[in-house]
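Report on the structure given below.
The values are calculated or read from the model by the stated rules, or taken from the named source; none is laboratory data. The structure displayed is predicted, hence computed values, not measured ones. Side chains included, ligands, DNA and RNA excluded: accessible areas come from the protein's heavy atoms. Shrake-Rupley method; radii C 1.70, N 1.55, O 1.52, S 1.80 Å.
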Amino acid sequence: MSPMSAYIAVYKCILYQAGIGISANIFLFLSHILSILLDHRPKPTDLTTCHLALAHIALLTTMLFLHSPDLFESLNVGNDFKCKALFYVNRVMKGLSVCTTCLMSIIQAITISPTSSWLAQFKYKCTHFIFYLFFFIWLVCLSFSTTTIFHTVASSNVTQTNLMAITKYCSFSPIMPGIMGLMFTLTTSRDVFLVGVMLLSSVYMVILLLRHQRRSQHLHSTSLSPRSSPEKRATQTILLLVSFFVVMYWVDFIISSSSLILWTYDSVIMGVQYVVVNVYATVSPLVLIGSDKRILNVFHNVSWKRFQF
C-alpha cells in the first residue's frame, strides 16, 4: 500500500470514528440526564458520566475539524486562531478525559466500599462536592494546556523551516527546551499520578469483588447462580474502562514522546495516533450504554408518557 493510500484509509477511519463516537456520547449524555431527572435514586457516577461524555464530544469534534479540510475552512476566522483554538480545546479535553475517568473510578470505589471502611465516610460527601471537583479539574486542565496556544501556528502564515506539521493547515513551532521540558514533566507527572490512582482504585475494587464473590459462595449453593448486582456490574464496567484507558494512554504517550524527541510527524503515524488516542472516547460510551439497564427503561418510560399524553 502506498503512503497516500494508507493516509486516505487512516483519514476515513478518523471520520468514521468521530461520527460513531460523537453520536454515542450524545446518546449517553442525554440518557443520563434523563436518568438524573426521572430517577429518584440516581447513581453516584451519573454526573461524572455526563461530564465524561461532554469532554469526549468536544474532543472528537475538534479532531473532526482538525482533520477535515472542508470543516476547517468553514470556520470564517483566521487559520492561526483556528489552529490555536482547536488544538487548545483538544488538549484540554484530553486532560479532562483522564481526570474524569480517574474521578469515576474513585467514586465507584467509594460507592462499593463496606461501611467498616474509612472510605465509607465519603459516600454521601462525594456527590455534594462533585461540582467543586469538576471546577478543580477544569482549572488544572486549562492551566496545563496553555503552552499549546503559543507553539501552535498556521502552516501558511509562518516561513520557518523547523515547523513540525501536524495537519494540513496547522503546525507546531519549536519552543525553548527548558519550557518544553518543564511542561512535559508537569503534564506527564499529572497523568502518571492519575493513572496510578486509577490502578490503585481498580485493585481495591477487584479485592472487594473477590471478597463479595467468596462471601456469596458461602451463602448460595452451587446449584444456584444469583444474578450480579447493579453495583457489581457497574464496578466491572469501570474496571474494563480503566484498563482499556491505561493501555490506550501508554500507546499514545510512546508515539507522542517519540515524535517530539525526533521533531517529526509522519502523516500516517499521526493519523494512527489520533485513531488510538480517540478509541477510548469512542468505545467508552458504547460500553457504558451496554452495561446500564436503566437507559432502555428510561426511554421506555418517556415513550409511554408521551403516548399517554
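Excluding ligands, DNA and RNA, what is the solvent-accessible area per residue of segment 87-186 at a probe of 1.4 Å, expressed in Å²?
53 Å²
In Å and from the alpha-carbon atoms only, list the Rg and Dmax of segment 96-137.
10.8, 32
Quick one: in segment 11-63, what % of C-alpha pairs are over 19 Å apart?
33 percent
Restricted to Cα positions, what overall size does segment 1-101 have along the principal axes? Three whole-Å values, descending.
If we take the Cα atoms of segment 1-101, the spans are 55, 33, 24 Å.
At 1.4 Å probe size, what's the solvent-accessible area of V277? Round to the nearest 10 Å².
30 Å²
Tabulate in residue order the Karplus-calculated ³J(HN,Hα) for segment 240-254, using 6.51 cos²θ - 1.76 cosθ + 1.60 with θ = phi - 60°, rounded to whole Hz; enter x for Gly and Pro.
With the stated coefficients, segment 240-254 comes to 5, 5, 4, 4, 5, 5, 4, 5, 5, 4, 6, 5, 4, 4, 5 Hz.
I'm a student and want to see the number: the projected area of the Cα convex hull of segment 115-212, averaged over all directions, in nm².
Dividing the Cα hull surface by four gives the mean projection, 9.8 nm².
Enumerate the amide H contacts of C170 below 5 Å, restricted to partners 5 or more residues apart or on another chain; note that Pro and chain-start residues carry no placed amide H.
S155
Of the cross-linked pairs K232/K293; K84/K168; K43/K94, which ones have a Cα-Cα span greater than 21 Å in the structure shown?
Distance filter (> 21 Å) returns K43/K94.
With a 1.4 Å probe and all protein chains in place, put L34, L28 in order of accessible area, largest first.
In descending accessible area the options line up as L34, L28.
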